Amino acid sequence: MEDCLAKKMEITVLEAEKRTGKNAMNMQETYTAYLIETRAVESQSEGQCAPVDSLWRRYSEFELLRNYLSVTYPHIVVPPLPEKRADFVWHKLSADNMDPDFVERRRIGLENFLLRVASHPVLCQDKIFYSFLTQEGGWKEMVNETGFQLKADSRLKALNATFRVKNPDKRFTELKHYSDELQSVISHLLRVRARVADRLYGVYKVHGNYGRVFSEWSAIEKEMGDGLQSAGHHMDVYAASIDDILEEEEHYADQLKEYLFYAEALRAVCRKHELMQYDLEMAAQDLTSKKQQCEELATGTVRTFSLKGMTSKLFGQETPEQREAKIKVLEEQIQEGEEQLKSKNLEGRDFVKSAWADIERFKEQKNHDLKEALISYAVMQISMCKKGIQVWTNAKECFSKM
């Protein structure tokens, strides 16, 4: 971790800016660009004023970077991006992806994504990632030149592997099941939070009615007027405070949402392992089939029914020369298949070792982050309740002075 980029460079997504331009279809579109600033840490430690590098990136470029990292490092739980459009929000918060509050929360999420990658012991060393931070022009061409799209596995192939693997690794099967449950639990938690926030919003806003009634009442009272007016003012302030409270709470929800999306990153690692296992099993099956063919040709006996066997019986046997030529070709293919199988076995073992090391790192990170987020959320709720008690304490004092 001492060599990670986050230790050598300060990375900030400073601001967001709405822009208008033409897309790939040459159609006018409105989008948001984000200003990324980087500064070398070494220069600052030496007492020098380090120069700041800055460039603008669209959300789609962040997506391209993450797709590249996911394909290039299939054994790594790649940090997720913040959501493109708001979900699990309380009803008064806009779900529009151009809404300033949502854009601000997404800016924070994008900065968190970059810091996660920059802190990762493997991902932080990637040259494409470094170029993303430092080279504005020509970056897209650079990432496309890597040919990472050609390495991407198709969904159909992944689905096929899921259903046809004969000997799945129990650890990855359990991890896949855990990621599904984690996503389900956090989704449910976020829905509950949104419903609670909606009700809380209503309760706070109704307190504004107290303020209005006390104010109207104060107008017809002489001795009680000042106390009622002051109590009404406290109620108005209390009612207005909920907007800021729930917008702040939304940031804690975003921390939970990050792990909602991390669940898919975990499944991606599991799917890659399934694909590798499937390829290994298919290679082993093909090798067994070729060895059987070679043995049948060498001994002249056919163990299983085949179209070739029937053809031989109907139209006569092959000449010794033809049989020898076929045996030679099969022997070469068998040797090649054995080497390929050995290579796939080694590749599989390396993948499992690397993937499991990163999964353990992720688990430690997840436990720490979710603990901190839930504690912060609880502290915020306690603070909010204390403010409510204080408002009613103030109101009580106003009533006492009447």
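The single condition from (1) over 26 Å from the mean Cα position of the chain (by Cα); (2) surrounded by 11 or more Cβ atoms within 10 Å (Cβ to Cβ) that I359 fails is (1).
Only residues that are without any contact (Cβ under 8 Å) to a residue 40 or more places away in the chain and loosely packed, with under 13 Cβ neighbours inside 10 Å were counted across the stretch 163-194, and they come to 8. Residues of the stretch 376-402 that are over 47 Å from the mean Cα position of the chain (by Cα), modelled with pLDDT of 90 or more, open to solvent by 40 Å² or more (accessible area, probe 1.4 Å) and not small (G, A, S): K396, E397, F399.
For the residues R195, R191, R199, the requirement of being modelled with pLDDT under 95 and closer than 16 Å to M384 by Cβ singles out R199. Here is a check on your reading of the model: is L266 under 30 Å from D180 (Cα atoms) and open to solvent by less than 40 Å² (accessible area, probe 1.4 Å)? The answer is yes for L266. Scanning the stretch 240-253 for residues that are among the small types (G, A, S), part of a helix (DSSP H, G or I) and touching a residue at least 60 places away in the same chain (Cβ under 8 Å) yields a single hit, A253.
Restricting the stretch 223-239 to residues that are open to solvent by 70 Å² or more (accessible area, probe 1.4 Å) and in contact (Cβ under 8 Å) with a residue 60 or more places away in the chain leaves a set whose member that is nearest to G208 (Cα to Cα) is V237. The criterion of at least 2 residues that are at pLDDT 75 or above and among the hydrophobic types (A, V, I, L, M, F, W, C) is met, among helices (runs of 4 or more DSSP H) falling completely within the stretch 1-103, by 5-8, 59-72. Here E331 clears all of (1) more than 30 Å from M276 (Cβ to Cβ); (2) surrounded by 13 or more Cβ atoms within 10 Å (Cβ to Cβ); (3) without any contact (Cβ under 8 Å) to a residue 40 or more places away in the chain except the condition numbered (1).
From the list K272, K290, K342, the one residue that fits, being within 30 Å of K157 (Cβ to Cβ), in contact with a Phe, Trp or Tyr (Cβ under 8 Å, 6 or more places away or on another chain) and either among the hydroxyl-bearing types (S, T, Y) or at pLDDT 85 or above (or both), is K272.
For the stretch 220-232, the count of residues that are more than 30 Å from the chain's Cα centre (by Cα), in a helix (DSSP H, G or I) and β-branched (V, I, T) is zero.
The values are calculated or read from the model by the stated rules, or taken from the named source; none is laboratory data. In this text, all values refer to a predicted model and were calculated from it rather than measured experimentally. Note that we place each Cβ from the backbone using ideal geometry, even for glycine, and neighbour counts take in every protein chain shown. When the accessible area is computed, the model is the full protein with side chains, heavy atoms only, and any ligands, DNA or RNA have been set aside. Shrake-Rupley method; radii C 1.70, N 1.55, O 1.52, S 1.80 Å.
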